[in-house]
Amino acid sequence: MTDYEILAEKIFPDVLQSVDDLEKRFPKRNLKDGAMVTRFAPSPTGFLHTGSLFTSLVSYRFAKQSDGVFYIRLEDTDTKREVSGSGTELLEQLKVFGITPDEGYLSDESEVGNYGPYKQSNRADIYKVVIKDLIKRGRAYPCFATQEELQEMRAKQEANKEIPGYYGKYAIYRNTPLNEQLALIDSGKPYIIRFKSMGNHENKIKIHDEIRGDLELTENDQDIVILKSDGLPTYHFAHLVDDHFMRTTHITRGEEWLSSLPIHLELFASMGWEAPKYAHLPVIMKLDNGNRRKLSKRKDNEAAVSYFLEQGYPKYGFIEYLLTLANSNYEMWREQNMDKDKYDFVLSFDKMSLDGALFDFKKVQNISKELMARRTTEEIVSEALDWSSKYSKELYDLICSDKAYFSEIMSIERNKDKPRKDYEKYSDILPIINFFYDKYYNELIKHLEWNEAISKDDIKALLVDYRDNMNLDLDEETWFNDIKALGMRHNFCDSVKIWKKNKEAYKGHVGDVSEILRIAITGKKQSPNLYYVLKILGKERSVERINQVLDLI
Ligand code: GLU
């Protein structure tokens, strides 16, 4: 046995499997040419970041559009940052957006697929097989440096203006003789395992990124930690092992990992494994007083996907928006293919932004408004019911009290060529339609805002006349003519244009008449189309409402 082999046996006497065994246990996937295997690898830190939803959407689409595999791996090796139970929640939120994995982690109790376990903390045995192999070949070693030693080192490097880290002459345990290593282990001195780098930071290496093309980066020379004292691997090492044995073809991850790529490539080379392809996705940025900065969990509501869900932005609007953010040609495609499914669009790496993607909240709102207006009544009712069941008991109870009535309300100016864009999120619904329900109406009429320019007597006269002559069995145009005629009877001009030329001759115009009726019927100055409001309330309730208001003037 070589010294390295003796060391490996000393550290991992119980690890009996070999890397070859793992190769057999996780065979190459049998997929058609060009099929991509991608993954989303969240850490369970308690919430789904908007940027993570973006990354997962892109990863999911690349796998789906190539008939590949999209899987989820839970990266829970940083036990300090872990929020327990949040892995399941992440999956739930992804599901809301229709991003469902073909395989992988589903919850702490369940997973699907033959390449697991998909939760890193359950993979300790697998990592150890690979680490033992590296130690045997002299490419990894135990490091006994204490925190104080490392701090001292850092201070020295800072003072000498040297590159910080554990490398070269600073890699103090990399050449420790075997007998000392064994003695230290026997003495019980705590240690971690480091990778032995063969690189030199004076060299440049050529790297290819699917989005950024060919790049030159500094070669790695750091002896990075691969196994921590808690027995779990670091991100770098877990990435090597997991993406190799889960047979990932494309690593689609945030651009913050680009600078670590030389480490990852050296790790792959040290195992003689072919590295996957890398695509470093743009980070989602925000304009803040003219400056670009990352969306921040602390400062920005829109950094958390849960915010959009709570507010009730429709998931199809949000996904549509993220696609515009992913590929610069998506919007144009959408304009030319209004009737197609969003996923008929084929994402490509070369249409991705290179310098961060700017999050545009206004655009999320506009897209949502546009798409909510185009839903059928049945769709919008079922979505409102679903959303309110989780986030608004008030709306939920209202809908359930009379679903047919709610459907009628939601059908106002829907299912037509140019539908009205009243709502951009489900939480807009209640404040816009509450007046249809008497308990809200009775509150609203306590604070009516009449037009000050029109006398209360004139308002009353108009309302009495309308109450006594109300006819709702008319089509919309005839009904509006009826309102004009009502106005004319009280000297309100039936044309705003004519009124403008000769304001003194009139008490107001037809718009003022409609406003008075609207305020009386809905308690508000703004409402969905009054014609439909009256039709839904019906003559009896409308007359009743006018009487109620007349008593208050
Ligand atoms: N767990 C890593 C993160 O949360 C995943 C990075 C990757 O996709 O490789 O950023």
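Numbers for the structure displayed
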read-out	value
Unique match (being surrounded by 17 or more Cβ atoms within 10 Å (Cβ to Cβ), part of a loop (DSSP other than H, G, I, E, B) and not polar (S, T, N, Q)) among Lys524, Lys535	Lys524
Residues satisfying the stated conditions in the stretch 240-275, i.e. away from the ligand (no atom under 13 Å from the Cβ), in contact with a His (Cβ under 9 Å, 6 or more places away or on another chain) and more than 18 Å from Lys206 (Cβ to Cβ)	Met271, Trp273
Qualifying positions in the stretch 20-45 - within 12 Å of the ligand (Cβ to nearest atom) and either under 14 Å from the mean Cα position of the chain (by Cα) or touching a residue at least 60 places away in the same chain (Cβ under 8 Å) (or both)	Thr38, Arg39, Phe40, Ala41, Pro42
Cβ pairs under 8 Å, 6+ apart, first in the stretch 164-189 and assigned to a helix (DSSP H, G or I), second crowded, with 17+ Cβ neighbours inside 10 Å and modelled with pLDDT under 95	none
Residue satisfying condition, being touching a Ser or Thr at 6+ places or on another chain (Cβ under 6 Å), of a type outside the set (A, V, I, L, M, F, W, C) and within 30 Å of Val83 (Cβ to Cβ), within set Thr55, Thr38, Thr50, Thr45	Thr38
Tabulated pairs, the stretch 110-132, first without any contact (Cβ under 8 Å) to a residue 12 or more places away in the chain, second in a loop (DSSP other than H, G, I, E, B), C-beta under 6 angstrom, 6+ apart or interchain	Glu111/Tyr118; Pro117/Arg123
Hits in the stretch 463-489 (condition: touching a residue at least 60 places away in the same chain (Cβ under 8 Å) and of a type outside the set (Ser, Thr, Tyr))	Leu463, Val464, Arg467, Met470, Leu472
Count of the stretch 200-248 residues which are assigned to a loop (DSSP other than H, G, I, E, B) and either buried (at least 19 other Cβ atoms within 10 Å of the Cβ) or under 33 Å from the mean Cα position of the chain (by Cα) (or both)	15
Members of the stretch 65-90 that are away from the ligand (no atom under 12 Å from the Cβ) and either in a loop (DSSP other than H, G, I, E, B) or farther than 25 Å from Tyr127 by Cα (or both)	Gln65, Ser66, Asp67, Gly68, Thr79, Lys80, Val83, Ser84, Gly85, Glu89
Failed item, numbered, when Met338 is tested on (1) closer than 26 Å to Gly98 by Cα; (2) of a type outside the set (Lys, Arg); (3) in contact with a strand residue (DSSP E or B) (Cβ under 7 Å, 6 or more places away or on another chain); (4) not in a helix (DSSP H, G or I)	(3)
Residue in the stretch 276-290 that is out of contact with any Phe, Trp or Tyr (no Cβ under 7 Å at 6 or more places or on another chain), assigned to a helix (DSSP H, G or I) and either under 26 Å from Ser121 (Cβ atoms) or away from the ligand (no atom under 16 Å from the Cβ) (or both) present	no
Residue match in the stretch 103-124 (condition: assigned to a loop (DSSP other than H, G, I, E, B), over 24 Å from Phe26 (Cα atoms) and not charged (D, E, K, R))	no
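The values are calculated or read from the model by the stated rules, or taken from the named source; none is laboratory data. Small disclaimer: the values here were computed from a predicted structure and weren't measured. As a convention, Cβ positions derive from the backbone with ideal geometry for all residues, glycine included, and neighbour counts pool all protein chains shown.
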